[in-house]
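The values are calculated or read from the model by the stated rules, or taken from the named source; none is laboratory data. Note that this is a predicted model, so its numbers are computed, not measured. Here the Cβ positions follow ideal geometry from the backbone for every residue, glycine too, while neighbour counts run over all protein chains shown. Each accessible area value is taken on the protein alone, full model and side chains, heavy atoms only, with ligands, DNA and RNA left out. Shrake-Rupley method; radii C 1.70, N 1.55, O 1.52, S 1.80 Å.
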Amino acid sequence: MTLKMKNILFISGMLILFLLLWSVTLFADVPKGFTGYGETTAISPDDETLVFSYYHDGDASLYAVPVDGGEATLLAQPEEGTSYVNPAFSPDGDMIVFIKQWQEEEQPYGELMLMGAASGEKRALTSGYNLITEAVFSPDGGSLYFLQAGVFQNYSDIARERPHDFDIHRMDLHTYETEQVTNKKAYDMSSLAVTPDGEELMYRSYEDSDRIIFMSMENNRETSPVPIFDVASEAPILSSPALSSDGEQVIFSDVASKDENGTFIYEGFRMDLDNYEAEQITNFQEHVTEPVFFHHSDRLIVTVDKQFAQRESDYQYWEVSLDGTEQRRLHIEIPEGEEL
Amino acid sequence: MNRMEKHIQQVLQETQCAAEEREELEEELLTHLQELKQSYIAQGESETKAEKLAIVQFGGSKLIGRGLQESMYPWQRGLLYIIGIASLLFGVLFHLYTLYVLQEPSIGWLAIQLTAGAFITLAAINIAFIGKHPYFLHVMGMLHLIWHAITYLFIQGMPMNQVFLFLVYLILLIGFQLVFLFRNSYFSSAAPNEDARKRWEIKIGYTLNLVFGMAVIAIALFFLWGLLLFTGWSMMALYAFIPILVWFVFYKYQMKFIARKPVVSILTGLLFSALAVAVPYAILVIV
């Protein structure tokens, strides 16, 4: 066989091998995206129902389940390529606000959506190409406060692209008019809450370090309680603070220890807003995040990531007593193939 | 081209030698064939018959060519075949693992892996062509090595109980690649008639210079890994490859210098490798 023929045969063989593997890959039954529970949850004002997101192949639908666990009910299913996340109940429990998320050309977008908790009827409250990340009702149920990012970019070469230039906005639910409450263009804002008296907003932000900020709605004055506790990291890496129904306590997630690989282990901490003293209340030795208070009992639902710092998260929901003595996993059955 | 010259060309198609060396070898082999031919003519054979008989006695082109290759560059062609085919096999096996176990296949990765393996195998098939371009072969080998190092970085983050054998396979493959690169540098630059001490110095020179090269690659890949971890893929990631590119250009000249001044080349290699890393990254910090 001549050298030329050898080359032709070898290159043809390689092309056939590649095309064969490519076609096998195209026809293989590969999941298109993340499947599993979402990170955030909401508890109805009567403490009966838990609402959460569940992802099917990368798209999150909203489900409801009794707070003790059991079979979930599909509440809202988005069109392909979009997700419904970050639900929050109205004070009377009749409405649920959530965020519709999607991406176009690697740019994420988020719009406000409102849904009847019983009817399941949905309506979009904002439209266009906004980047709204979360929303909560005011205590009187007449308005929504929401976080909106101005840009999605990396602020430095060693940072990932993220939403930035955050501000708080308010929407009047009678007129649907929107006003901007803050003018901070904050690097980061999350975990928005309104105090029970409706006079202050609480949120987490990053200003040199992670902070919980209380902002007066009357004069925009801010206070930033710094929890007093033993932290396993050099500085608090505080996330997902949640305000109790009486407005006297905050539960947040922070570094409690490190595992054998040096990965931080986040647990739930309770801070008393009278003296800012905080104590650890969970002991999962895993990643605890997004606590949500029950409204009428000393209990919480927390999200535990069983695969923290890995390629994909694996979230579970656990009920935890406020004194940290009890913790119980919520067993939820997601109905197969159900469509609205 | 007469019958005997054609036969010699076919012999040389199976050997790796450089252009200059090839001319000498061609002349030497042709002289040998001419002598054989003359001896047959002296025995009363016609010119055509004498040529044919000389070629038969000389031996088949493949047999002689491969024999020459092994005596001049022992194991080099075999190593190229081993590396090339092992890379192709790794590509197929790891792709099937990512497809059916991880369920996250990457056609892009497969395309690069198969292309890299195919290039090395083609180099082994076309050993005469590649022998004329040792630096090209060296760059190709280094790029292939870097690609495997990047693959290693990605794989080691996957579930260890599943990818352990892939990692061992890759380490062995990288080991073979390092041995090949060292030998390729040595064979393509060092004169065979040096004394034993000089040859030993040259070998040390190549080994240490390649170690410096590996260090430059390791630092650049670490920098790239950090960038990817914090920022994901961006054009900035290409900056990480500048020290490698600079080192590649430098090594083209250093290969010859090592053969001439092996001891001094260790110092110049160390200095230049340090500069190849320090200058681009210092510019980045300043800017």
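See the values below:
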{"read-out": "Estimated dipole of segment B:1-156 in Debye, rounded to 20 [Cβ of Lys and Arg +1, of Asp and Glu -1, Cα centre]", "value": "500"}
{"read-out": "Segments B:138-145, A:182-189 sorted - mean Cβ within 10 Å per residue, highest first", "value": "B:138-145, A:182-189"}
{"read-out": "Global geometry of the protein assembly as shown, whether rounded, prolate or oblate, following the gyration tensor of its Cα atoms and the 1.5 cut on a/c", "value": "prolate"}
{"read-out": "In degrees, nearest ten, helix A:3-27 long axis to first principal axis of chain A (Cα)", "value": "30"}
{"read-out": "Amide proton proximity set for residue A:181, modelled H, under 5 Å, gap of 5+", "value": "A:168, A:169, A:170"}
{"read-out": "Listed residue (B:113, B:152, B:141) projecting farthest to the positive dipole end of segment B:102-200, Cβ model", "value": "B:141"}
{"read-out": "Where chymotrypsin sites (Phe, Trp or Tyr not before Pro) fall in DSSP loop in segment B:5-111, at most 14 other Cβ within 10 Å", "value": "B:75"}
{"read-out": "Cα gyration tensor shape for segment A:140-234, rounded if a/c is under 1.5, else prolate or oblate", "value": "oblate"}
{"read-out": "Most to least accessible of A:80, A:286 (protein chains only, probe 1.4 Å)", "value": "A:80, A:286"}
{"read-out": "In segment B:182-287, chymotrypsin sites (Phe, Trp or Tyr not before Pro) in a DSSP loop with at most 10 other beta-carbon atoms within 10 Å", "value": "B:233"}
{"read-out": "Net charge contributed by nearby residues that have their C-beta within less than 12 Å of residue A:47 (K/R +1, D/E -1)", "value": "-4"}
{"read-out": "Karplus (6.51, -1.76, 1.60) ³J(HN,Hα), θ = phi - 60°, over segment A:316-331, in Hz, Gly and Pro reported as x", "value": "10, 10, 10, 8, 10, 7, 5, 8, x, 7, 10, 8, 9, 7, 7, 8"}
{"read-out": "0 to 90° range, to nearest 10: angle between helix B:160-189 axis and chain B longest Cα axis", "value": "50"}
{"read-out": "Neighbouring partner chain Cβ atoms per residue of B:118-127, average, 10 Å criterion", "value": "3"}
{"read-out": "Assigned charges on the beta-carbon of Lys, Arg, Asp, Glu; the protein assembly as shown dipole about Cα centre (debye)", "value": "5900"}
{"read-out": "Whole-Hz couplings from phi, Karplus 6.51/-1.76/1.60, listed for segment A:223-229; x for Gly and Pro", "value": "10, 10, x, 9, x, 9, 6"}
{"read-out": "Chain B - Rg over Rh from alpha carbon coordinates, Kirkwood radius", "value": "1.08"}
{"read-out": "GluC sites (Glu not before Pro) restricted to DSSP loop in segment A:254-284 with at most 12 other C-beta within 10 Å", "value": "A:260"}
{"read-out": "Size of electric dipole in chain A: Cβ of Lys, Arg +1 and of Asp, Glu -1, about Cα centre, debye, nearest 20", "value": "1700"}
{"read-out": "Computed label-point distance, nm, for sites residue B:27 and residue A:219 using a 7 Å Cα→Cβ extension", "value": "10.0"}
{"read-out": "Accessible-area value, residue A:82, 1.4 Å probe, nucleic acids and ligands omitted, Å²", "value": "10"}
{"read-out": "Amide H contacts under 5 Å for residue A:38, placed H, 5+ residues apart", "value": "A:53, A:54, A:55"}
{"read-out": "Lysines with Cα under 27 Å of residue A:185, excluding same-chain neighbours fewer than 8 positions away", "value": "A:100"}
{"read-out": "Distant-in-sequence amide H partners of residue A:265 (H built 1.01 Å from N, under 5 Å)", "value": "A:256, A:257, A:258, A:259"}
{"read-out": "Subset of B:132/B:256; A:32/A:122; B:203/B:256; B:6/B:132 violating a 24 Å alpha-carbon distance limit", "value": "A:32/A:122"}
{"read-out": "Contact order normalised by residue count of segment B:3-68, Cα under 8 Å, 6+ apart, percent", "value": "51"}
{"read-out": "³J(HN,Hα), Karplus 6.51/-1.76/1.60, whole Hz, each residue of segment B:217-228, x for Gly, Pro", "value": "5, 4, 5, 4, 5, 4, 4, 4, 4, x, 4, 5"}
{"read-out": "Cα gyration tensor category, rounded, prolate or oblate, for segment A:231-335 with a/c compared to 1.5", "value": "oblate"}
{"read-out": "Acute angle (nearest 10 degrees) that the helix B:262-286 long axis makes with the longest principal axis of chain B, alpha-carbon atoms", "value": "40"}
